[in-house]
Amino acid sequence: MKKYTLTNEVKRPMGVFAYRIQALKDFSDVKAGDYGGYVSTEANLSQEGDCWIYNDAMSLENGRVEQNAKLYNNARIYGNAAIGDNARMYDNSEAFESAIIFDDAKLYSNSRAYGRCEVFGNAEMTDVSKASQQAWVGRDVVLKGEAKVTEKVSKTPIVVSGLYYNVTIMDNHLSVDCVTRTREEWMEISNRELLLFDGKPAVRFFNEYREMLNTIAKLHQSNTSNL
């Protein structure tokens, strides 16, 4: 027996038709007759397990909610993204493109997971933090504030904010204004390359903060090299 059906209550976010779901039987904390969030088709929410979409949360396009994963509030998953195991998404968080959220990972606030990133373990994302490209966010990592992760983080990254550019220091890389390179590459970058990067502001920034960022990054990364 199916655990839910699509109702005639329709919205059209992002130009895609979305139908409110209604439970057909009791499972987890859901009772038969309860209304849930929205899906484009039944392929967006598995009929198996205790997975569910609550409130006005949505699973659209080729997004998949599986196993015991749950979406709350106004969370959205779309594109080719997937959430499974016991993972949770809350508030206005989003997962899209080919992001995968699994294990006991949680997304809150206005956090975003996209690209080919993986968020897993007991990792948490909140505020306006972002995991993108090939980010690997696991264990007990917490992404918060304006953290922008594009590579592996096996421990909570350091975010240097309040400067002309926000800098996120990961296990082996630094993200400066969404551009990611290794620490060594950033420290060896020439003024000519910086001019191409963002003109004179980039040159001034690195002339002033290069050594400080190098010191912080070396210390942080020396403590993650064996993780």
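List every residue pair whose Cβ atoms sit under 9 Å apart, with the two residues 6 or more apart in sequence or on different chains, where the first one lies in the stretch 6-29 and is closer than 17 Å to Leu71 by Cα and among the polar types (S, T, N, Q) and the second, anywhere, is in a loop (DSSP other than H, G, I, E, B) and open to solvent by less than 30 Å² (accessible area, probe 1.4 Å).
Ser28/Cys51
Does Glu61 satisfy being among the acidic types (Asp, Glu), under 15 Å from Leu45 (Cα atoms), at pLDDT 95 or above and touching a Phe, Trp or Tyr at 6+ places or on another chain (Cβ under 6 Å)?
Criteria met by Glu61.
Quick one: in the stretch 177-191, which of the residues that are under 15 Å from Gln221 (Cβ atoms) and part of a helix (DSSP H, G or I) is least open to solvent (accessible area, probe 1.4 Å)?
By that ranking, first place goes to Trp186.
Among what's in the stretch 112-126 and is touching a Leu at 6+ places or on another chain (Cβ under 8 Å) and over 16 Å from Lys155 (Cβ atoms), pick the residue that is most open to solvent (accessible area, probe 1.4 Å).
Among them, the one singled out is Thr126.
So is Asn55 open to solvent by 60 Å² or more (accessible area, probe 1.4 Å) and in a strand (DSSP E or B) or not?
Taking the combined requirement at face value, the residue does not satisfy it.
Looking at Ser98, Ser109, which is the one that is more than 16 Å from Lys148 (Cβ to Cβ), open to solvent by 10 Å² or more (accessible area, probe 1.4 Å) and in a loop (DSSP other than H, G, I, E, B)?
None of the other options fit; the residue is Ser98.
So Phe205 ticks every box in (1) surrounded by fewer than 18 Cβ atoms within 10 Å (Cβ to Cβ); (2) touching a residue at least 24 places away in the same chain (Cβ under 8 Å); (3) assigned to a helix (DSSP H, G or I) but one. Which box is left unticked?
Phe205 satisfies every listed condition except (1).
So, of the residues in the stretch 127-140 that are in a loop (DSSP other than H, G, I, E, B) and surrounded by fewer than 24 Cβ atoms within 10 Å (Cβ to Cβ), which turns out to be nearest to the chain's Cα centre (by Cα)?
Filtering first and then ranking leaves Ser132.
With the structure loaded, tell me whether Asp177 is within 20 Å of Asn110 (Cβ to Cβ), out of contact with any His (no Cβ under 9 Å at 6 or more places or on another chain) and among the acidic types (Asp, Glu) or whether it fails that test.
Yes, satisfied.
Take the stretch 153-176 and flag every residue that is over 19 Å from Asp140 (Cβ atoms) and either loosely packed, with under 14 Cβ neighbours inside 10 Å or out of contact with any strand residue (DSSP E or B) (no Cβ under 8 Å at 6 or more places or on another chain) (or both).
Within the stretch 153-176, Ser161, Gly162, Leu163, Tyr164 meet the criteria.
Taking the stretch 1-46 only, how many residues are surrounded by 12 or more Cβ atoms within 10 Å (Cβ to Cβ), assigned to a loop (DSSP other than H, G, I, E, B) and not charged (D, E, K, R)?
8
The values are calculated or read from the model by the stated rules, or taken from the named source; none is laboratory data. Just so it is clear, the structure is predicted and the values come from calculations on it, not from any experiment. Neighbour counts run over all protein chains shown; Cβ positions are idealised from the backbone, glycine included. Quick note on the areas: whole protein, heavy atoms, side chains included, nothing else; ligands and nucleic acids left out. Shrake-Rupley method; radii C 1.70, N 1.55, O 1.52, S 1.80 Å.
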